[in-house]
Every structure is written in C-alpha cells, then in structure tokens.
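The values are calculated or read from the model by the stated rules, or taken from the named source; none is laboratory data. Nothing here was measured: the structure is a model prediction, and the numbers come from that model. Heads up, the Cβs are rebuilt from the backbone with ideal geometry, glycines too, and the neighbour counts pull from every protein chain shown.
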C-alpha cells in the first residue's frame, strides 16, 4: 500500500488537528507544513517534519500527494484554494455557506490536473450529507440545522479580522424553543435570527474604537448581520484563560411525512474539540482526493461528489463485509 504524503498549509488549531489525524492514519505520512509565520517559530509534535514558508509550497509539489488547507474562510482559503489547486490535490474546510458556489467555480477553474475537495468538515461536510439524505428520503418534509452551543472557528476568525481586535472568540447558541418545536414535528418557519444567538468575546488593541468595532461585528454580512449578536469586551488574558477550550457540535433534524404518518430524522454531534474533529474529517477526504486524482477525476468536488468508499483506508470488499 502506498503511503499518501500530506502537506498542511496553516499551523493553527485545525492544522494541529490534521497533524494528529495524519499520525493516526496507517496509510498516510506528514511530509511538510507551510506557514505564513517564521518557520523557525513553529514547533510540530514531530520535530522531524520540515516547516517552510508558504511561498515555498509550489516548489515542493512533487513531494506531496495532497495539500490540506487549514486557514480561515474569511480571507485565507478564498485565495489559497484556487492558488494551490493549480499544482496540488487539495482539501479544505471552506465554510462560508452563501459563497460556496462561487468558491467552487474558482477552484474548479484552477484544478485542471488535480482533484480538489472543498468545504469538508462537519458543516459544511457531514451535516451537508445528512441534509441531502434526509430530504431525499422524506421529500414531504422540512430540514433544520442547529449549531452549538459551541465555539465557532470560522466566526472567531472573522472577528479577529476586524480592525482593532487583538483576539476574539464567538459562541453559537441554539434557541431552545425553536429546537424543541422542530422535535415536536411542528414544522416552524424559522429565520436565522429565530434559530441562533451569537455571543462574541472580544479583546481590543490599544486605542481601538470600541463602538466602531462593535458596529463592524454586528453588521458583518454572512456572519453576524442576520443574528442577535452580543459583543462582550474582555482583555486578552481572559480569552486565554477562560476561552481556550474549543467544544462544539450541533444537530440536523428532518421532520417529514409518508401519507398520514410522520417521522423525525436526527443526526447529532457533540465535540470536545471542534478543530481536532474537523481535522479528522479533512484527513479522510485527503485520502479520497488522492484516489480521485489517481483515477483522473480532476476538478473541484464536494462531499456530494465523493464516494464513501474513497474515505476509508479499508478496501471495498472489507467495508461491505464489516459495515454493510
């Protein structure tokens, strides 16, 4: 069995999660990490793995089978996806749902001789698959997704991009009354604001305008503008002390009918570490990207386009025997 050589772009929380997942995979090995920081300041769990500046990546393309992009969706991945898909098979966790179609098109235009699986992780990703299955099985029904309570990496990253912010985290909180209404099969019509609250803990840089920072956060499209958002200003020490854990999770619910009979389908995740779980999902899709590229299945793909058997290190016959 060939060992799949993995590269990581970005060594933050998700990058460290991918490193753990690759180390646990018997058919993979981490070949390199690429960072925008000074490589000398980046310490990996395995000190034998080389760390390079991000602009060295293309020169090492022949040494890497799949490049996993672990940056943020606000600014990093939209630029990095099309760039690296020209030279590498890639996997990312791009999670700005409203912009996925245009991002997919940009990556597809670049991936002429590579396989690029975008928007993996758990939502988009696993939850996307469940929404498709639910609505296919019970077309006479309605699907709902609730996130949290948990720390959102993408939304926290978006907060930290606001001018004047030194550090920040964001918690997504489901509104219990809306969730229970769905579980009762009431088929409520819910706006984003009626389903979730967003709670932001923000530390400011010296001299930052608190009111302007709060305005920019609450009016940020795709992230906060459509929700009741609370901004709580704290100092950097409090964020490091009280918000270093990264739990998350959520539930996909589908309430549907077959004639007079009603049915509820529910898929739930409870995660101690959002980035480690996300890294594990991305690593499985790296295996799929490698297999697709090996078969000449080039271009941008999603979880909808990826056969489940490509995710596993086990062969098809073993999967059928053990799991079907």
How about region 288-311: which of its residues are in contact with a helix residue (DSSP H, G or I) (Cβ under 6 Å, 6 or more places away or on another chain) and touching a residue at least 24 places away in the same chain (Cβ under 8 Å)?
-> 288, 299, 300, 303, 306, 311
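For region 98-106, state whether one or more residues are surrounded by fewer than 22 Cβ atoms within 10 Å (Cβ to Cβ), within 23 Å of residue 169 (Cα to Cα), in contact (Cβ under 8 Å) with a residue 60 or more places away in the chain and out of contact with any helix residue (DSSP H, G or I) (no Cβ under 9 Å at 6 or more places or on another chain).
First pass over region 98-106, keeping only residues surrounded by fewer than 22 Cβ atoms within 10 Å (Cβ to Cβ): 98-106.
Checking which are within 23 Å of residue 169 (Cα to Cα) leaves us with 98-99.
Within this subset, residues satisfying the condition of being in contact (Cβ under 8 Å) with a residue 60 or more places away in the chain are 98-99.
This time we only want the ones that are out of contact with any helix residue (DSSP H, G or I) (no Cβ under 9 Å at 6 or more places or on another chain), so: 98.
So far as region 98-106 goes, yes, one or more of its residues are surrounded by fewer than 22 Cβ atoms within 10 Å (Cβ to Cβ), within 23 Å of residue 169 (Cα to Cα), in contact (Cβ under 8 Å) with a residue 60 or more places away in the chain and out of contact with any helix residue (DSSP H, G or I) (no Cβ under 9 Å at 6 or more places or on another chain).
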Does residue 213 satisfy the criteria of being surrounded by 17 or more Cβ atoms within 10 Å (Cβ to Cβ) and either within 20 Å of the chain's Cα centre (by Cα) or assigned to a strand (DSSP E or B) (or both)?
-> no
Pick out the one residue from 256, 249, 207 that is touching a strand residue (DSSP E or B) at 6+ places or on another chain (Cβ under 7 Å) and on the phi > 0 side of the Ramachandran plot.
-> 249
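Please verify whether residue 249 is within 22 Å of residue 94 (Cβ to Cβ), touching a residue at least 24 places away in the same chain (Cβ under 8 Å), out of contact with any helix residue (DSSP H, G or I) (no Cβ under 7 Å at 6 or more places or on another chain) and outside any helix (DSSP H, G or I), treating the condition exactly as stated.
On the way: within 22 Å of residue 94 (Cβ to Cβ): yes; touching a residue at least 24 places away in the same chain (Cβ under 8 Å): yes; out of contact with any helix residue (DSSP H, G or I) (no Cβ under 7 Å at 6 or more places or on another chain): yes; outside any helix (DSSP H, G or I): yes.
Against the criterion (within 22 Å of residue 94 (Cβ to Cβ), touching a residue at least 24 places away in the same chain (Cβ under 8 Å), out of contact with any helix residue (DSSP H, G or I) (no Cβ under 7 Å at 6 or more places or on another chain) and outside any helix (DSSP H, G or I)), residue 249 qualifies.
Residue check: is residue 158 outside the structural domain of residue 203 (by TED's automatic domain parsing) and either touching a strand residue (DSSP E or B) at 6+ places or on another chain (Cβ under 9 Å) or in contact (Cβ under 8 Å) with a residue 12 or more places away in the chain (or both)?
Working: outside the structural domain of residue 203 (by TED's automatic domain parsing): no; either touching a strand residue (DSSP E or B) at 6+ places or on another chain (Cβ under 9 Å) or in contact (Cβ under 8 Å) with a residue 12 or more places away in the chain (or both): yes.
Taking the combined requirement at face value, the residue does not satisfy it.
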Residue 59 vs. criteria at pLDDT 95 or above and in contact with a helix residue (DSSP H, G or I) (Cβ under 6 Å, 6 or more places away or on another chain) | no
Please specify each residue of region 216-225 satisfying the condition of being under 23 Å from the mean Cα position of the chain (by Cα) and surrounded by 12 or more Cβ atoms within 10 Å (Cβ to Cβ).
-> 217, 218, 220, 222, 223, 224, 225
Scanning region 259-290 residue by residue, the ones that are more than 30 Å from residue 169 (Cβ to Cβ) and out of contact with any strand residue (DSSP E or B) (no Cβ under 6 Å at 6 or more places or on another chain) total 6
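Criterion first (in a helix (DSSP H, G or I), modelled with pLDDT of 95 or more and touching a strand residue (DSSP E or B) at 6+ places or on another chain (Cβ under 6 Å)) does residue 293 satisfy it? Lay out the reasoning, then the answer.
Numbers: in a helix (DSSP H, G or I): yes; modelled with pLDDT of 95 or more: yes; touching a strand residue (DSSP E or B) at 6+ places or on another chain (Cβ under 6 Å): yes.
Here the answer is yes, as residue 293 does meet what is asked.
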